[in-house]
Amino acid sequence: MSKIRIGIVGYGNVGRGAAKAVEAASDMELKAVFSRREPESLNIPDNAFSVLPMSSAAKMTDDIDVMMLCGGSAADLVEQGPYFAYMFNIVDSYDTHAMIPDYMRSIDEAINTAAKKTTAIISAGWDPGTFSMIRALSEALLPGGITNTFWGRGVSQGHSDAIRQLPGVKHAVQYTIPIETAVETVRSGSAPVLEPKHKMLRECHVVAEPDADKTEIETEIKKMPHYFIEYDTTVHFIDADEFFSAHSEMPHGGMVFHSGNTGENKHIMEFSLKLDSNPEFTGSIMTAYARAAFRMAGERLFGAKTVFDVPLSYLSEKDRLTLIKELL
């Protein structure tokens, strides 16, 4: 059986994680990475795959089955998603929750105007993505209950990227920190309805350009819609040495709780993740959904899709009967 031919757009943290996951998949091959940077600057191990300019992707529609878009949501994916969905089956991890419906419409519009229809699975990370599935499953099994999601402690790639887009910011990382008293309150079964600022704190560490206005940067971070304005946010300005010595790791994680009743009986569902590498886990999820995108396109299930639209068995290398035998 021929392998699924994968392209990766962007070779940052998520792109490197996706490349590792694709190389580990027995049913896939990595055809090329497309980057805005010079190939020699990417430190590709042993020239394991081709690195091509982003502009050359349009010439390779017959060579790639699924394109994995590994850029940031704040600036990259809003442009790259529709552009690449017009030509390729795609998967991305677009994570600006409030804007997903608008982003999905832009993907559908691009696909609907294309001569060759494609399948695009968007927002396929761990949140949105895996946690979204857990929330949907929990609410279906215990309707009328209360769902609370906590993120962290760890590095949010999307929020860090959003800070880095601001003028005057050289390097930045953002930690999401759950408020432990809120976690324990939810875990106890009291099922409070909590606003975002009552569940998590956001802590930013920023290396500013030498002539940057730090007060202006802090103000712009704290008022950023969809990222920081709803939270208690702290901004620390540090130098580059401290940034690279103390903030190079990218752990993350989180929890989804759902509390509900069946008659007089109370139930609590809890799902958690503890990740040593946020981008590598995200890349691994995207790789599974690239497999699903390829299968769905083969069945002519075209258009913009989310994790809610993908049959669970389509994610696995194993066939349906093997899954039933081993895991059901």
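Where a number appears in this text, it was derived from the coordinates with a stated rule and is not lab data. This is a predicted model, so every value here is computed, not measured. Ideal geometry is used to build each Cβ from the backbone, glycine not excepted, and the neighbour counts take in all protein chains shown.
Below are the figures for this structure:
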quantity	calculated
C-alpha center-to-center spacing [segment 47-87, segment 276-326] in angstrom	19
Karplus 3J(HN,Hα) series, Hz, for segment 115-128 with 6.51 cos²θ - 1.76 cosθ + 1.60 (x for Gly, Pro)	5, 10, 6, 9, 10, 10, 9, 9, 6, 9, x, 9, 6, x
20 Å Cα-Cα reach of K197 towards lysines, excluding residues that sit fewer than 8 places from it in its own chain	K222, K223
Segments 8-19, 104-115 sorted - mean Cβ within 10 Å per residue, highest first	8-19, 104-115
Size-normalised alpha-carbon gyration radius of the chain, reference 2.2 N^0.38 Å	1.03
The chain: antiparallel DSSP beta bridges as a percent of all, rounded to 5	50
Peptide ranges 262-270, 181-189 listed from the most packed, as the mean C-beta count within 10 angstrom indicates	181-189, 262-270
Within-14-Å neighbourhood charge of R37 [Cβ basis; K, R +1; D, E -1]	-1
Modelled label reach - K266, point 7 Å along Cα→Cβ, segment 161-187 residues with backbone N closer than 12 Å	185-187
Amide hydrogen neighbours beyond the local backbone of I90, cut-off 5 Å, H modeled	M67, T119, A120, I121
HN-Hα J in Hz across segment 146-163 - Karplus 6.51, -1.76, 1.60, θ = phi - 60°, x for Gly and Pro	10, 10, 10, 10, 10, 10, x, 6, x, 8, 8, 5, x, 6, 4, 5, 4, 5
Mean separation of Cα contacts under 8 Å, 6 or more apart, over the residue count of segment 90-236: relative contact order %	20
Nearby aspartates and glutamates by direct alpha-carbon distance to K274 (threshold 18 angstrom, same-chain neighbours under 8 apart not counted)	D127, E180, E184, E249
Computed E for D63/S2 - FRET, C-beta separation, R0 22 angstrom, nearest 0.05	0.95
Highest to lowest packing among 247-259, 205-217, 20-32, scored as the average C-beta count within 10 Å	247-259, 20-32, 205-217
Lysines whose Cα lies under 16 Å from that of K305, excluding same-chain neighbours fewer than 8 positions away	K117
